[in-house]
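Structure record follows, encoded as structure tokens.
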Amino acid sequence: MKYFIANWKMNPVTEKEAIAIAQDIDEENVMIAPPFVFLKTLARRVKKASLAAQDVFWENPKGAYTGEISAGMIKSLGVSSVIIGHSERRRYGGDTDERVNRKTRAALSQNLSVIVCVGEPEVVRKKGMKSAERYVKAQLGKDLVGISKKNLNRVTIAYEPVWAIGTGMSAKPEEASSMMLRIKRYMKERYGVGIIKTIYGGSVTEKTIKGFMKEKTIEGFLVGGASLNPRSFKNLIQAEKRP
Ligand code: PEP
């Protein structure tokens, strides 16, 4: 069964709205990634879904880092996972590959599971799939350097081409799938990891989901915009069961 991560980004505004959306999409194969401020409440309210934070700081578990949230704090809420290196954190939050690596290490040290986001920008994709592959491999080489094979078992790679996020232009399912295969192969060659979970993100909607469902290498989806509309999101989850 494919699984779905609902990345709410900086939405919704109120806790009441957050509870309402979460209760509507509370399914076993769903992970909800709300803003930090809603995590505690949702940890109590959500019954079947799991929860993820959208980011984490690299120092742990506490200290003089105004405005930051540690892996230890996330864990103390009973939250199991964290998204790291989302392209919006790289763009607006100043995340470099080095920071992504430090954050990933901090999260793994607290036994959290990590979803590391990688993906090429449009200028790179325009040069072709080979360039995109080189770009993604370079990210993975830096983002995961020094992490033990055992800890890499708790890492999922989200392939999210930057040009596809929030634009309505999703990657072609066969291209996304071929990138997943290349990622899996690279993880084996470089890190000796036999099995690594790979998911796709980038304008997954009711219209585009069908093509992706057929691809075996795509184990799940990171969904932004469509995850805030429970009706649309439920249609995505149920797409697997439809003929
Ligand atoms: C995302 O936030 O990671 C994402 C893929 O967004 P969207 O589904 O809106 O493209």
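If you scan segment 208-231, which residues turn out to be surrounded by 18 or more Cβ atoms within 10 Å (Cβ to Cβ), among the polar types (S, T, N, Q) and at pLDDT 95 or above?
227 - this is the single residue of segment 208-231 that is surrounded by 18 or more Cβ atoms within 10 Å (Cβ to Cβ), among the polar types (S, T, N, Q) and at pLDDT 95 or above.
Yes or no: segment 122-132 includes at least one residue that is within 16 Å of the ligand (Cβ to nearest atom) and out of contact with any strand residue (DSSP E or B) (no Cβ under 9 Å at 6 or more places or on another chain).
There is at least one residue in segment 122-132 that is within 16 Å of the ligand (Cβ to nearest atom) and out of contact with any strand residue (DSSP E or B) (no Cβ under 9 Å at 6 or more places or on another chain).
Can you tell me how many residues within segment 218-243 are farther than 11 Å from residue 2 by Cβ, in a helix (DSSP H, G or I), within 13 Å of the ligand (Cβ to nearest atom) and touching a residue at least 24 places away in the same chain (Cβ under 8 Å)?
5
Please work out which residue is farthest from residue 123 (Cα to Cα), limiting yourself to segment 152-199 and to residues that are of a type in the set (S, T, N, Q) and within 16 Å of the ligand (Cβ to nearest atom).
156
Restricting attention to segment 1-16, which residues are more than 16 Å from the ligand (Cβ to nearest atom) and either in a loop (DSSP other than H, G, I, E, B) or surrounded by 14 or more Cβ atoms within 10 Å (Cβ to Cβ) (or both)?
1, 13, 14, 15
Grab the helices (runs of 4 or more DSSP H) fully contained in segment 39-143, keeping just those with 1 or more residues being among the acidic types (Asp, Glu) and in contact (Cβ under 8 Å) with a residue 40 or more places away in the chain.
Counting at least 1 such residues, we get 87-92, 97-109, 122-125, 129-143.
Just to be sure before I move on: is residue 201 closer than 18 Å to residue 116 by Cα, more than 16 Å from the chain's Cα centre (by Cα) and of a type outside the set (Phe, Trp, Tyr) in the structure I sent?
Against the criterion (closer than 18 Å to residue 116 by Cα, more than 16 Å from the chain's Cα centre (by Cα) and of a type outside the set (Phe, Trp, Tyr)), residue 201 does not qualify.
In segment 200-217, which residues are among the β-branched types (Val, Ile, Thr) and within 12 Å of the ligand (Cβ to nearest atom)?
If we filter segment 200-217 for residues that are among the β-branched types (Val, Ile, Thr), which is where we start, we get 204-205, 208-209, 217.
Within segment 200-217, 204, 205, 208, 209 meet the criteria.
Out of segment 197-215, which residues are in contact (Cβ under 8 Å) with a residue 12 or more places away in the chain and more than 26 Å from residue 91 (Cα to Cα)?
Correct list: 206, 209, 210, 211, 212, 213, 214, 215.
Inside segment 90-121, can you point out the residues that are touching a strand residue (DSSP E or B) at 6+ places or on another chain (Cβ under 7 Å) and basic (Lys, Arg)?
103
The values are calculated or read from the model by the stated rules, or taken from the named source; none is laboratory data. If you're wondering where the values come from, they're calculated on a predicted model, not measured in any experiment. A quick note on method: Cβ atoms are made from the backbone with ideal geometry, for glycine too, and the neighbour counts reach across all protein chains shown.
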